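Everything on this sheet refers to the single structure shown next.
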Amino acid sequence: MDVKINYSNRRVRTVSARLVKGCLLVNAPATMPREHLRKSIDKFKVTFERRRLKEKLNSKRPLAEIAARLSDRYFDGKLKISSIEYAPAQNSRFGSCNHRDAFIRISHRLSRMPEWVRDYVIVHEMAHLIEPNHSAAFWNIVSRYELAERAKGYLMAAGLDMKYDSDK
Ligand SMILES: [Zn+2]
């Protein structure tokens, strides 16, 4: 990512940045210590990279369509999800589900795994809309997905040291 810094002598107190055609345009106070500025720019880079990755992930595979298909097949089309998306910063959990808002997030790492493993995680999160905890009733619902056990084994073997959503 190219970086262009504009040092401003006017009353600019904080650093701001925007991404224009892949180039990070930074507006910084001229008096700011260079080390501080470097750290600020690094933060902006991370933020913009994540945003870019998120847009890329979520444009490539329409997770909403996949979820609708899985809802039809395993939940009689009765589950309503308000939103489902890949989360680029989600590295410690395979997925997460906001029970109240029916908002599901899937770790970006799943986008690089086989589709049947990704689908398992989506079914898992969808099942949480019915059963919030990892209860026997919950696993009973998850087992509707034929490859659930294989997918669990796959994720375990992937050795990513990641957890499920509500494991505490
Ligand atoms: Zn879970």
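The values are calculated or read from the model by the stated rules, or taken from the named source; none is laboratory data. Bear in mind the structure is a predicted one, so any value in this text is a computation, not a measurement. Cβ atoms come from the backbone with ideal geometry, glycine included; neighbour counts cover every protein chain shown. Quick note on the areas: whole protein, heavy atoms, side chains included, nothing else; ligands and nucleic acids left out. Shrake-Rupley method; radii C 1.70, N 1.55, O 1.52, S 1.80 Å.
How many of the residues making up the stretch 61-87 are in contact with a strand residue (DSSP E or B) (Cβ under 9 Å, 6 or more places away or on another chain) and more than 16 Å from the ligand (Cβ to nearest atom)? Steps first, please.
Here is the first cut: in the stretch 61-87, the ones in contact with a strand residue (DSSP E or B) (Cβ under 9 Å, 6 or more places away or on another chain) are 61, 63-64, 66-67, 81-87.
Those left that are additionally more than 16 Å from the ligand (Cβ to nearest atom): 61, 63-64, 66, 82-83, 85-86.
Number satisfying all stated conditions: 8.
Being in contact (Cβ under 8 Å) with a residue 24 or more places away in the chain and among the acidic types (Asp, Glu) is the filter here; which residues of the stretch 107-144 pass it?
Within the stretch 107-144, ASP119, GLU125 qualify.
Find all pairs meeting these conditions: Cβ atoms under 7 angstrom apart; at least six residues apart or on different chains; first residue within the stretch 44-66 and closer than 25 Å to VAL123 by Cβ; second residue surrounded by 12 or more Cβ atoms within 10 Å (Cβ to Cβ) and aromatic (Phe, Trp, Tyr).
LYS54/TYR86; LEU57/TYR86; ASN58/TYR86; LEU63/TYR86
Which residue pairs have Cβ atoms under 7 Å apart, sit 6 or more places apart or on different chains, and have a first residue in the stretch 75-101 that is closer than 22 Å to ASP161 by Cα and a second that is within 13 Å of the ligand (Cβ to nearest atom) and open to solvent by 40 Å² or more (accessible area, probe 1.4 Å)?
GLU85/ARG105; ALA87/ARG105; GLN90/ARG105; SER92/LYS163; ARG93/LYS163; GLY95/ARG105; SER96/ARG105
Count, please, the residues in the stretch 152-168 that happen to be within 13 Å of the ligand (Cβ to nearest atom) and of a type in the set (A, V, I, L, M).
As a first pass, look at the stretch 152-168 and keep what is within 13 Å of the ligand (Cβ to nearest atom): 152, 155, 162-168.
Applying the additional criterion that residues be of a type in the set (A, V, I, L, M) yields 155, 162.
Number satisfying all stated conditions: 2.
Run GLY153 past the list (1) farther than 17 Å from ASP165 by Cβ; (2) touching a helix residue (DSSP H, G or I) at 6+ places or on another chain (Cβ under 9 Å) and report the number of the one that doesn't hold.
Exception for GLY153: condition (2).
Would you check if TYR120 is in a helix (DSSP H, G or I) and at pLDDT 90 or above?
On the way: in a helix (DSSP H, G or I): yes; at pLDDT 90 or above: yes.
The answer is yes for TYR120.
Just to be sure I understand, how many residues within the stretch 93-146 are within 12 Å of the ligand (Cβ to nearest atom), open to solvent by less than 20 Å² (accessible area, probe 1.4 Å) and of a type in the set (Phe, Trp, Tyr)?
Within the stretch 93-146, residues that are within 12 Å of the ligand (Cβ to nearest atom), open to solvent by less than 20 Å² (accessible area, probe 1.4 Å) and of a type in the set (Phe, Trp, Tyr) number 3.
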